[in-house]
1. Residue 203 to residue 230: FRET efficiency via 1/(1 + (r/R0)^6), r the Cβ-Cβ distance, R0 51 Å, to the nearest 0.05?
2. Between residue 123 and residue 214, what is 0.36 nm times their sequence separation minus the Cα-Cα distance? Round to one decimal in nm.
3. Over all alpha-carbon pairs in the range 60-187, figure out the percentage whose distance exceeds 22 Å.
4. Which FRET efficiency value, to the nearest 0.05, do you get for residue 175 and residue 114 by plugging their Cβ-Cβ distance into 1/(1 + (r/R0)^6) with R0 = 22 Å?
5. What ranking do 49, 136 get, fewest neighbouring Cβ atoms within 10 angstrom at the top?
């Protein structure tokens, strides 16, 4: 059976208890026989070195990270009560379903609740996991720790989660994990970019008010000048210049400007 038949397009979130029960029930139907996990590991070592040990030898600086992931995978097995279940008694199809149930039992952090994760395992990878308990634990542990990561940018800048792909092979080096953020549609983003900010609108209103006040002051000066010239001409006609009706701002009747009206200023 092709490994792509076991690719999950979208996982159900936070169903650990339900999947754990399904895992245990399915495992019991696979085989009533159980074997000690340590014996399984020793059998692997006698025939072939674990893919995990090979990786740690080639990458000694990553030893503590890999060990942490393996331990996290063993914790997944313990939570589901399947640490001692015999894999040797399972057919490959049964084993694939067994691991799929375990993968589905691993929850996502709340900040990853909108993520869509697609995972796949090559045929060589399935074979390696079935016979190599540490590598099986690494795949489960990597997945557990990866889904537990808190995303500090969740919900910000239009972020609506990520589309993630996880591909596992027969060794740790073959693993490829990728993620692409999913954002709101581009049309909405373009509209938001063209929308003026609060400060832009405030500054435009301020500039508009200054312009109107400047026009109002100019109108007032023109009005005062015309009144003064009118009184001057009247004074000349009477034989002398005398201001008999001083002009004050209170009795001016010059044209009102928009600037003198009340502004709902931000």
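1. Numbers: r = 41 Å, r/R0 = 0.80.
E(calc), rounded to 0.05, equals 0.80.
2. Numbers: separation 91, 0.36 × 91 = 32.76 nm, distance 8.04 nm.
My answer for the length gained is 24.7 nm.
3. Details: 3249 of 8128 pairs.
Of all Cα-Cα pairs in the range 60-187, 40 percent lie more than 22 Å apart.
4. FRET efficiency, residue 175 to residue 114: 0.40.
5. Values: 49 11, 136 26.
Ranking 49, 136 by Cβ neighbours within 10 Å, fewest first, gives 49, 136.
Throughout, read-outs are computed from the coordinates displayed, never taken from laboratory work. None of these values were measured; they are calculated from a predicted model. A quick note on method: Cβ atoms are made from the backbone with ideal geometry, for glycine too, and the neighbour counts reach across all protein chains shown.
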